[in-house]
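The values are calculated or read from the model by the stated rules, or taken from the named source; none is laboratory data. Please read these numbers as outputs of a predicted model, since none were measured by experiment. When we count neighbours, we look across all protein chains shown, and the Cβ atoms used for this are built from the backbone with ideal geometry, even at glycine. Heavy atoms of the whole protein, side chains included, go into the accessibility calculation; ligands, DNA and RNA do not. Shrake-Rupley method; radii C 1.70, N 1.55, O 1.52, S 1.80 Å.
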Amino acid sequence: FGFTPHGATSSSKIYSIYFTMPVEMIFDGDNKPVIASRDDILHSIKKTAYSILILISLISILSPHDYTPFGKTVAGEYYEYIIISEYLHPGHLGNCFLIALLFQQALGLGDAIFGNIVQILFGYKVVQGMRNPMLEATSPSDFWGRRWNVLVHSVMKRGVYKPIRKYSSSLLASLGVFVASGLFHEWLVYTVLLYNRTTIETATNKKMNDILLGSNTAFFLWNFVVIVGERIL
């Protein structure tokens, strides 16, 4: 659609790095990749070490409790139907928050590792992909638009939002982004859980006859409603 940064196609080397590495490179006003400074590299290395420390700490705290420190609830795991009273139970919400924090640190670690590779081996500065959204986001739009998985946000903005916005309203373009995000996560559930059903059933000793597809899309559509509500208010 012509929304890829012009600098990403300026040479075969930059093209290969940009489209094979899960990081977002930074380009200057002349569409040239920004060179990572010594401070940028040191900051990225420190971020990696910090992510490892926090991730190990969270796993050490959560694993003895089977990752449900506030107690188990029947709240719609991949093989359970959702019971609203259980879903909104404070214990379930607390468990969800800690798991989301754990997932944030895991994504942040992967982002930091690949960021180090690009900055150290190739010398190009990259965007910090995870900006502590669980603890520092000030609003839903700040969470999704500026802090959570900035790489995917940039991809969705270029690949979904801008093409739809070219022919429609910003509201429909935003809806398209959240629908695409939901369908992408449905695909992940299918490939990770359904496609590998036998392997997972053997490993977890749990039958997966009633895996619920659609919950991820519903989650992202709900967040679209939250974003629209924020704009109205």
**OP:** Give me the net charge of D39's neighbourhood, meaning all other residues with Cβ under 15 Å from the Cβ of D39; Lys, Arg count +1, Asp, Glu -1.
**Re:** +3
Subject >> Portion, in percent, of the accessible area of region 104-179 that falls on carbon or sulfur, probe 1.4 Å >> reply: 63
Subject >> Sequence of S181, S11 from largest to smallest accessible area, 1.4 Å probe >> reply: S11, S181
Original post:
When Lys and Arg each count +1 and Asp and Glu each count -1, what net charge do the other residues less than 14 Å away from R147, Cβ to Cβ, add up to?
Top reply: -2
Original post:
Any idea how far the Cα center of region 129-193 sits from the one of region 12-32, in Å?
Top reply: 20
Original post:
Using a 1.4 angstrom probe and counting only protein chains, how large is the accessible area of D39 in Å², to 10?
Top reply: 110
**OP:** With unit charges on the beta carbon (Lys/Arg positive, Asp/Glu negative), name the residue among Y124, G214, L175 whose Cα is farthest towards the positive pole of the charge dipole of the chain.
**Re:** Y124
Subject >> Net charge dipole size for the chain [Lys, Arg +1 and Asp, Glu -1 on Cβ; Debye, nearest 20] >> reply: 620
**OP:** Tell me, rounded to the nearest percent, the portion of alpha carbon pairs in region 1-114 spaced more than 25 Å apart.
**Re:** 49
**OP:** Over all alpha-carbon pairs in region 1-63, figure out the percentage whose distance exceeds 15 Å.
**Re:** 65
**OP:** Report the residues of region 130-158 in range of a label on F97: point 7 Å along Cα→C-beta, backbone N strictly under 15 Å from it.
**Re:** 133-138
**OP:** Could you do me a favour and compute the accessible area per residue for the chain, 1.4 Å probe, result in Å²?
**Re:** 61
Original post:
Given K32/K125; K46/K157; K47/K157; K47/K125, which pairs have Cα atoms separated by over 20 Å?
Top reply: K46/K157; K47/K157
Original post:
Once phi is turned into θ = phi - 60°, what whole-Hz ³J(HN,Hα) does the Karplus curve with 6.51, -1.76 and 1.60 give for every residue of region 140-156, x standing for Gly and Pro?
Top reply: x, 5, 5, 4, 7, x, 10, 10, 8, 6, 4, 4, 5, 4, 5, 5, 5
